[in-house]
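The values are calculated or read from the model by the stated rules, or taken from the named source; none is laboratory data. Being a predicted model, the structure only gives us computed values, none of them experimental. Backbone-built Cβ (ideal geometry, glycine too); neighbour counts: all protein chains shown.
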């Protein structure tokens, strides 16, 4: 088991787009961190930076306190099982290619072991990807990732391209493997219900920044950032057949234009869509200019919101600061 840590990580595409902006995030040893956010929030870019597929413009990524350089004991399972496997290679060859070098017989045994580990018959090794279903291909992709004996596994939207009937099976497999192999895992999804199912810790990402993070039960049971609350409200619920009537404030911000990631808003990046922000409350114009991430460490779940409801009790070591924060939140 190993700890993966992002410190001030920034990733840019050209000069115009900062896809990840100063992200601090820790994947503790042996735990699952669920990273959630809508498309374009920077989740996949952060994952690609971890495995060396996206160049850092700033910050660093550490494994057990040591910066990642050429040696990257991380493996990634990608979103699309139909494009992540070479159609010209048997699935056994694809898995063997990622496994440690050794005698042919030993590698064949390792392929059989990995296939059985992900719930596939060992005799499938001679099968080509085109003969497999999407769920089976994703199992093969997981087996190939495990062949590299990773210390950290990154799963990027691994169920979003699958039928709903298959998603639960793959999620159960991932959760079982993580526990049995005691892997550290960064699990990425836009679906908060999926993240809630597999994660010990939840981090919420919006326009390249982490806006809330903490233990899954705490964040989902007592969300501090309005964006997290919005994601929770949109998550499907068992037995629900209809959407609840929209809140008046949500109705007012529903028509707001999505922020342009090439030109993110000043101040709080969520303010153009925020149901408790300046679009609704004229007394909150400071959200237009003041960046809430600068004081996030003093708020519950490190919430990047000037009006988060909670304040970390640990700040009590500096009573004047705590008093000012409480006054700001009133």
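Return yes when residue 200 is at pLDDT below 90 and surrounded by fewer than 21 Cβ atoms within 10 Å (Cβ to Cβ) and no when it is not.
No, not satisfied.
If residue 283 meets every condition in (1) over 25 Å from residue 23 (Cβ atoms); (2) in a loop (DSSP other than H, G, I, E, B); (3) at pLDDT below 90 apart from one, which number is that one?
Among (1) over 25 Å from residue 23 (Cβ atoms); (2) in a loop (DSSP other than H, G, I, E, B); (3) at pLDDT below 90, the lone unmet condition for residue 283 is (3).
Report the residue count in segment 225-244 for those that are modelled with pLDDT of 55 or more and part of a loop (DSSP other than H, G, I, E, B).
Final tally of qualifying residues: 6.
Do we find that residue 107 is out of contact with any strand residue (DSSP E or B) (no Cβ under 7 Å at 6 or more places or on another chain) and more than 30 Å from residue 18 (Cα to Cα) in this structure?
yes
Taking the options 170, 195, name whichever one is buried (at least 20 other Cβ atoms within 10 Å of the Cβ) and free of Cβ contacts under 8 Å to residues at least 40 places away in the same chain.
Going through 170, 195 in turn, just one is buried (at least 20 other Cβ atoms within 10 Å of the Cβ) and free of Cβ contacts under 8 Å to residues at least 40 places away in the same chain: 170.
In segment 37-56, is there at least one residue being assigned to a strand (DSSP E or B) and either closer than 20 Å to residue 140 by Cα or at pLDDT 95 or above (or both)?
No, segment 37-56 contains no residue that is assigned to a strand (DSSP E or B) and either closer than 20 Å to residue 140 by Cα or at pLDDT 95 or above (or both).
If residue 213 satisfies every condition in (1) closer than 26 Å to residue 93 by Cα; (2) under 14 Å from the mean Cα position of the chain (by Cα); (3) modelled with pLDDT of 90 or more but one, which is the exception?
(1)
Confirm whether residue 130 is at pLDDT 95 or above, surrounded by fewer than 16 Cβ atoms within 10 Å (Cβ to Cβ) and either closer than 19 Å to residue 187 by Cα or in the same structural domain as residue 24 (by TED's automatic domain parsing) (or both).
No.
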